[in-house]
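Participant: First the structure, then my questions, so here it is.
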Amino acid sequence: MLAVIAGLAWFALTLQTGLVVRTVVAAGQPPVTGIINTFSYFTILTNLLVAIVCTASLLHTSEDTLFTRPSNLSAVAVYIFVVGLTYSLLLRSLWNPTGLQAVADTSLHDVTPILYMLFWIFFVAKGTLHWTQPVYWLAYPADLCCI
């Protein structure tokens, strides 16, 4: 399951970045503008976290690395859940992507969040989690608000 999630997340991130870069280049702007624009979104950064933690979990069998600790996997679950929920409830009706953009959009906002949440529910050890940890997990989205 981790390989599927990691592969999908990396694919969707690459596709979305490519589509945005292609659009900005067609508008006469440098490619770096598209890359910066793409990676300024919570959705993209969170899917990048999903891709990183899933890849790290595939490569390391130990739960004692930064990206494989149950607390960090759980934090990423909260973030990707927020991505899926916010998009579904608030943003989906704002546009109707087609073609490859629809593939990227669905992968980033629907499929990856659902698959990662299923992975978290069924495979992440929760015995070491503490009720105080979510306070620390808020540092990531709070830091993004201040940028």
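Participant: For the chain, return all DSSP H helices satisfying: extent of Cα atoms along own axis at least 20 Å; mean Kyte-Doolittle hydropathy at least -1.0.
Facilitator: For the chain, where a helix must reach 20 Å along its axis and average at least -1.0, the hits are 2-26, 42-59, 70-86.
Participant: Moving on to the next point. Please give the calculated 222 nm ellipticity per residue for the chain, where each DSSP H segment of at least 4 residues contributes -39500 (n - 2.57) and the sum is spread over every residue; nearest 500 deg cm²/dmol?
Facilitator: Value at 222 nm, helices only: -21500 deg cm²/dmol.
Participant: Here are a few candidate values for Cα Rg over 2.2 N^0.38 Å: (1) 1.09; (2) 1.55; (3) 1.69. Which one was actually calculated from the structure I just gave you?
Facilitator: It is the value labelled (1).
Participant: Still on this structure, please answer the following. Using alpha-carbon pairs under 8 Å, 6+ residues apart, how would you state the relative contact order of the stretch 2-145 in percent?
Facilitator: Numbers: 135 pairs, mean separation 44.0, N = 144.
So the answer I get is 31 percent.
Participant: Could I have the simple spin-label model distance between ILE121 and THR61, label points 7 Å from Cα toward Cβ, reported in nm to one decimal?
Facilitator: So the two model labels end up 2.8 nm from each other.
Participant: Now for a different question. Sort ASP64, ASP110 so that the residue with the fewest other Cβ atoms within 10 Å of its own Cβ comes first and the one with the most comes last. Before the final figure, lay out the partial values.
Facilitator: Details: ASP64 7, ASP110 15.
Fewest-to-most ranking of ASP64, ASP110: ASP64, ASP110.
Participant: Then there's this: With springs only between Cα atoms under 10 Å apart, run a GNM on the chain and tell me which of ALA56, ALA77, ALA12 wobbles the most.
Facilitator: Per the Cα network of the chain with a 10 Å cutoff, ALA56 tops the list.
Participant: Full extension from LEU90 to THR128: what is 0.36 nm times the residue separation minus their Cα-Cα distance, to one decimal in nm?
Facilitator: 10.3 nm
Rule-based calculations on the coordinates, nothing more; no lab input. Nothing here was measured: the structure is a model prediction, and the numbers come from that model. Note: ideal-geometry Cβ built from the backbone for every residue, glycine included; neighbour counts use all protein chains shown.
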